[in-house]
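Colleague: The following block contains the structure, expressed as structure tokens.
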Amino acid sequence: MTRVRQKAVEAQISAELIQAVIAAARRGVPNEACGLLVSDHYWAEGGAPSRWTGLRNAAQSPYRYLIDAQEQLRVWTELDDADEVAWAIVHSHVASPAEPSQTDVGLAYYPDSLYVICSLAEVDRPSVRAWAIADGAVSEVSLVVTD
């Protein structure tokens, strides 16, 4: 298990986008799902996500995700052109808690973005949690859900 610090800060997200993340995670079963929450500012700059973009899990695995490289290049180019950012990189955990694995931490290449994980371990009670990951350090960021 990854060493986790105490909750440090908060980030706002709409209930609609939380539901979009959960729906995408459920559609991805039996594999992990992945995508982006997009904003005009990073979470630490006070940005809040305005939309969800689902991406293909090229790993097609229930144990890990890998954003398709061509799709990632296309989406990041579109974000740059629109002056938008990846507010959060999102993936699901099919049967484990919404906590970053060692693999997740090792592959966290975007320190300005949050890493949002949706756990479907309890099928009727999905859990969505956010994490700031930089240089191997992991801190939970409280999600404040708005209407």
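Bear in mind these aren't lab numbers, they're just calculated from the coordinates by the rules spelled out. All figures in this text were calculated on a predicted structure; none of them were measured in a lab. No Cβ is skipped: glycine too gets one built from the backbone with ideal geometry, and neighbour counts run over all protein chains shown.
Colleague: How much length is gained if the chain between ALA44 and GLN60 is pulled fully straight, taking 0.36 nm per residue apart and subtracting their Cα-Cα distance, in nm to one decimal?
Modeller: Numbers: separation 16, 0.36 × 16 = 5.76 nm, distance 3.14 nm.
Contour length minus Cα-Cα distance gives 2.6 nm.
Colleague: Now for a separate question. Using +1 at the Cβ of each Lys and Arg and -1 at the Cβ of each Asp and Glu in the chain, identify which of SER61, THR77, VAL144 lies farthest towards the dipole's positive end.
Modeller: So the residue furthest toward the plus end is SER61.
Colleague: Okay, next question. What does the extension gain come out to for TYR110 and SER14, with contour length at 0.36 nm per residue minus their alpha carbon separation? Please report the intermediate quantities before stating the final value.
Modeller: Values: separation 96, 0.36 × 96 = 34.56 nm, distance 2.23 nm.
The span from TYR110 to SER14 would gain 32.3 nm if fully extended.
Colleague: Between VAL123 and GLU71, what FRET efficiency follows from the Cβ-Cβ distance if R0 is 25 Å, with the result rounded to 0.05? Mind dumping the intermediate values first?
Modeller: Details: r = 28 Å, r/R0 = 1.12.
In this case the efficiency is close to 0.35.
Colleague: Convex hull over the Cα atoms of the stretch 106-147, averaged projected area in nm²? If you can, show how the numbers build up before the last one.
Modeller: Working: hull surface 15.7 nm².
Over every viewing direction, the Cα hull of the stretch 106-147 projects on average to 3.9 nm².
Colleague: Which whole-Hz couplings ³J(HN,Hα) result when phi for each residue of the stretch 110-120 is put into the Karplus expression 6.51 cos²θ - 1.76 cosθ + 1.60, θ = phi - 60°, listed in order with x for Gly and Pro?
Modeller: 10, x, 7, 8, 7, 10, 9, 10, 10, 8, 10
Colleague: Could you point to the residue in ALA15, ASN31, HIS41 farthest towards the positive end of the stretch 5-48's charge dipole, with +1 and -1 charges on the Cβ of Lys/Arg and Asp/Glu respectively?
Modeller: Sorting the options by dipole projection puts first ASN31.
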